[in-house]
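Working notes for the structure below.
None of the figures in this text is laboratory data; all of them are computed from the coordinates on show. Just so it is clear, the structure is predicted and the values come from calculations on it, not from any experiment. When we count neighbours, we look across all protein chains shown, and the Cβ atoms used for this are built from the backbone with ideal geometry, even at glycine.
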Amino acid sequence: MSKFAAASFKGQKVLIRVDFNVPLNDKFEITDDTRMRAAIPTIQKILADGGMVILMSHLGRPKDGPTEKYSLKHLVPHLSQLLGGSTVLFANDCIGEQAYLTAGMMRPGEVLLLENLRFYKEEEKGDPGLAEKLSKLGDVWVNDAFGTAHRAHASTAVIAQFYPPEKRFFGYVMEGEVIAAEKVLHKAEKPFTAIIGGAKVSDKILIIENLLEKATDIIIGGGMAYTFMKAQGGQIGKSLCEEDRLQTALDILKIAKEKGVNIHLPEDSMIADQFAADANTAIAPSNEIPDGWMGLDIGPLAAEKFATVIKSSKTILWNGPMGVFEMPAFQKGTKAIAVAVAESTSNGAFSLVGGGDSVAAVNQFGFTDKVSYVSTGGGAMLEYFEGKVLPGIAAVG
Ligand code: AMP
């Protein structure tokens, strides 16, 4: 049992850093409440123990202090609904008299939501003064905001110094993310296949470098594959290419060879005569793309080969799509990978999908429940994959 699950918060004021950075429309309606729903089990555990919950979060990127558009008050009715109709108190400042008074009068079973932390520029600056003021609100601090775990902000990391180690906890969201990431990065059962896609080599170099130390196989798809093709003398037409990364691509291939890591590049591609949903398309070897054409998805041979590697893996990490999956004409490759990852998972492999667009793709294709874990923290998970220490995790430690 985890430290959080084992603890009793009876009679305690529990200050939780959540990630309630949800999208709102023009009428301040929540258009995707995934992040709020994710925090409910953590909140309910504390309430069930007989504790009091004080929630703090950021919302959007306010530049000039309090702004109606970024007020967390818009979340109160929905939060109350998610908590089965419980009253949710609101303080229109995250520190200050009203926040302290409201927190001071709370009773077991009550929930208080504080106003947007980023109305203070000190939050993102990691100001200890703000962190100390926030810490006065809670007897214990729970960090459950994985989405901001890669930032050393006042509420996500700096606040930790005002609590002794036994009063610092991960909530269930953080715990789930950390356990999944650790399973892949430090306890991977072999063969371990990393599937890396997306647009740019430059965005993924650190991840690939870290994975060269850990994976048995690395599948490289998406736009970044063409830089690897060109670096090896291939013709790539007008496919995406980072000219300044050609040497990096060669270095990665060389290191992989030295370390005995198998790098799999797409043998063929779905090519198009323009970057458009209704472009003319054809299949071509990825290193023989005619002038004027570009690779926008992996081809059928590549998809089959990648699927074979995936299906014989025991651990799978997937970051980045295999093609321009937003356009139906170029989503076959990404879908084929999703099918293979799902099949491998049903045969006992552990699969983690993390970071931006691969998560969107898995959701779009309806595979969310067919993989072991889908990370909610885009940037944070990417930095975790890069092997960095995340301040929000280290702070709880
Ligand atoms: P990333 O955020 O780096 O994971 O990149 C995701 C983006 O890469 C998606 O919007 C895809 O449409 C895009 N992408 C994937 N493959 C290609 C490709 N072959 N050419 C251009 N863009 C691509």
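Each residue of segment 293-303 in turn: what ³J(HN,Hα) in whole Hz from Karplus with 6.51, -1.76, 1.60 and θ = phi - 60°, glycine and Pro shown as x?
10, 9, x, 10, 7, 6, x, x, 5, 4, 4
Please list, ordered by chain and number, the residues whose modelled amide H lies under 5 Å from the amide H of I263; skip anything fewer than 5 residues away on the same chain.
Amide H neighbours of I263: I218.
Using the structure shown, select from K311/K332; K69/K136; K45/K183; K73/K121; K167/K388 the pairs with a Cα to Cα distance greater than 21 angstrom.
Working: K311/K332 18 Å; K69/K136 27 Å; K45/K183 25 Å; K73/K121 19 Å; K167/K388 25 Å.
Too far apart for the 21 Å limit: K69/K136; K45/K183; K167/K388.
Taking amide hydrogens as modeled 1.01 Å from N in the peptide plane, which residues meet the under 5 Å criterion relative to L24, leaving out close sequence neighbours?
T31
Computed FRET efficiency, Cβ-Cβ of R107 and D244, R0 56 Å: what is it to the nearest 0.05?
Values: r = 61 Å, r/R0 = 1.08.
That pair, R107 with D244, gives E of 0.40.
Using the Karplus curve 6.51 cos²θ - 1.76 cosθ + 1.60 with θ = phi - 60°, what ³J(HN,Hα) values do you get for each residue of segment 237-246, in whole Hz, with x for Gly and Pro?
x, 9, 4, 4, 7, 9, 4, 7, 10, 4
Over the chain, consider all pairs of different Cα atoms and compute the Kirkwood hydrodynamic radius from their mean reciprocal separation; express it in Å, one decimal. List each step's numbers first, then the result.
Numbers: mean 1/r = 0.0444 Å⁻¹.
Result for the chain stands at 22.5 Å.
Quick one: length gained pulling D32 to N262 fully straight, 0.36 nm per residue minus the C-alpha distance? Working shown, then result.
Details: separation 230, 0.36 × 230 = 82.80 nm, distance 3.90 nm.
Gain in length upon complete extension: 78.9 nm.
For Q235, list long-range residues whose amide hydrogen, built 1.01 Å from N in the peptide plane, is under 5 Å from its own amide hydrogen.
Amide H to amide H, under 5 Å and 5 or more residues apart or across chains, Q235 pairs with E288, I289.
What angle do you read, to the nearest 10 degrees and between 0 and 90, between the alpha-carbon axis of helix 172-185 and the longest principal axis of the chain?
30 degrees
Which angle between 0 and 90 degrees, to the nearest 10, do you get for helix 34-49 versus the longest principal axis of the chain when only C-alpha atoms count?
40 degrees
If the reach is capped at under 16 angstrom between alpha carbons, list the lysines near K125, excluding any in the same chain fewer than eight residues apart.
K125 reaches K63, K133.
Please figure out what share of the DSSP beta bridges in the chain is antiparallel and state it in percent, rounded to the nearest 5. Provide the component values of the computation, followed by the final result.
On the way: 10 of 49 bridges.
Rounded to the nearest five, the antiparallel share is 20 percent.
Could you check the simple spin-label distance between E288 and N25, using points 7 Å along Cα→Cβ, in nm with one decimal?
5.1 nm
With labels modelled as points extended 7 Å from the Cα through the Cβ direction, what inter-label distance (nm, one decimal) is found for K190 paired with D278?
5.2 nm
Per residue of segment 73-82, what does 6.51 cos²θ - 1.76 cosθ + 1.60 with θ = phi - 60° give for ³J(HN,Hα)? Whole Hz please, x for Gly and Pro, Karplus curve as stated.
Using θ = phi - 60°, the values come out as 4, 5, 8, 4, x, 5, 5, 4, 4, 5 Hz.
Given axes a ≥ b ≥ c from the Cα gyration tensor, I'd like to know whether segment 188-385 is rounded (a/c under 1.5), prolate (a/b larger than b/c) or oblate. Intermediate values should be presented prior to the final figure.
Details: a/c = 1.65, a/b = 1.22, b/c = 1.35.
It is oblate, given that a/c is not under 1.5 and a/b is not larger than b/c.
Just to confirm my numbers, what's the Cα centroid distance between segment 356-397 and segment 264-320 in Å?
With segment 356-397 and segment 264-320 each reduced to a Cα centre, they are spaced 24 Å.
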